[in-house]
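The block underneath contains the structure these notes are about, expressed in structure tokens.
The values are calculated or read from the model by the stated rules, or taken from the named source; none is laboratory data. These figures come from a predicted structure and were not determined experimentally. When we count neighbours, we look across all protein chains shown, and the Cβ atoms used for this are built from the backbone with ideal geometry, even at glycine. Quick note on the areas: whole protein, heavy atoms, side chains included, nothing else; ligands and nucleic acids left out. Shrake-Rupley method; radii C 1.70, N 1.55, O 1.52, S 1.80 Å.
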Amino acid sequence: MAMLRKLTPYLFVAPLMIFITVFTYIPILASLNLSFREWNFLSPDMPFVGLRNYEQLLSSRELWNSLWVTTLFAILSVPLRLGLALVIANYLIRESVHSRLLRGALFLPSVTSTVSIAVVFSWVFSTDYGMVNAILGMLGLGKVQWLQDPHLALWVLIFVNTWKQLGYDIVIYIAGLQAIPQELYDAASIDGCRRLHVFRRVTLPLVMPATYFLLVISVIEAFQVFTIVNVMTRGGPAGATDMLVNLLYEIGFVLFDIGRGSALAVMLFVLLVALAILKSRIIGRKVHYEA
């Protein structure tokens, strides 16, 4: 009876652990194995080639271009998302009918199909019949090739991705702001502190745990963005939006080079783990100290 009591918690989590093992850990190990082999999906033979797939990737211009584009996308989009989310959350924290309606409206894109959003914005930013160029035409301005200009296409993707993910960030920030004791704001008000000073000295430090959480998941999401790229630009024009996961898709499922595709997946996995550890070392200590 005592043994059964000890095993009961493990029996409850066993279905989830089996699911995670089958659909997460085993595919990771299989991808690691395939990264050392040459395979094209059709051939029954998978000869071992050692580190050749990694060497070919590291010596290819496409990988370094994709790494640069993905890094630039993350650097530009993540601070923009978090900054806007914190400002909007600071306004929407007030309990009112219109505040609740705005929260729901802003959160709606987060649960909407990414493919649908990408298709709609492809029409919106279309050169010939897009709504944006139609508005510019009414203002007497010329058409802009939003998705065909290498200098503008990435900014369009950043806008679309920010519009989709912003609502989720706002909800997390609202929860973080609601956890800040009102007494601190009352004390600051009595001391005659200005709003900007209160925001910088009270709100920002105490909302840091939420910021750290959002920073981690936002960077991971930015390095894994694929759907809006594949639907709206397919990595173009001239490789200006060819991000890492899009390159992985092209290598693995267009060229059917599963070995190199698996090697790129492993490299991306290692990169994300390294970034998570780095952020934990740099920001995590500050979060725990200030929290």
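Quick notes on this one:
- The condition (being modelled with pLDDT of 95 or more, open to solvent by 10 Å² or more (accessible area, probe 1.4 Å) and in a helix (DSSP H, G or I)) is satisfied by just one residue among Val216, Val245: Val245.
- The listed residue being within 14 Å of the chain's Cα centre (by Cα) and open to solvent by 20 Å² or more (accessible area, probe 1.4 Å), out of Leu272, Leu278, Leu255: Leu272
For (1) in contact (Cβ under 8 Å) with a residue 40 or more places away in the chain; (2) surrounded by fewer than 13 Cβ atoms within 10 Å (Cβ to Cβ); (3) among the polar types (S, T, N, Q); (4) not in a helix (DSSP H, G or I), each residue gets a yes or a no:
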residue	(1), (2), (3), (4)
Tyr54	yes, no, no, no
Leu57	yes, no, no, no
Ser66	yes, no, yes, no
Phe73	yes, no, no, no
Gly83	no, yes, no, no
Tyr91	no, yes, no, no
Phe107	yes, no, no, no
Ser122	yes, no, yes, no
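Listed here are the residues, each with its yes/no results for (1) without any contact (Cβ under 8 Å) to a residue 40 or more places away in the chain; (2) of a type outside the set (A, V, I, L, M, F, W, C); (3) crowded, with 16+ Cβ neighbours inside 10 Å.
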| residue | (1), (2), (3) |
| --- | --- |
| Ala2 | yes, no, no |
| Leu11 | yes, no, no |
| Val22 | yes, no, no |
| Leu42 | no, no, no |
| Thr112 | no, yes, no |
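- Selection status of Asp169, modelled with pLDDT of 95 or more, assigned to a helix (DSSP H, G or I) and either open to solvent by 40 Å² or more (accessible area, probe 1.4 Å) or of a type in the set (D, E, K, R) (or both): yes
- Considering residues of the stretch 172-198 that are surrounded by 16 or more Cβ atoms within 10 Å (Cβ to Cβ) and among the hydrophobic types (A, V, I, L, M, F, W, C) only, the residue nearest to Val69 (Cα to Cα): Ile172
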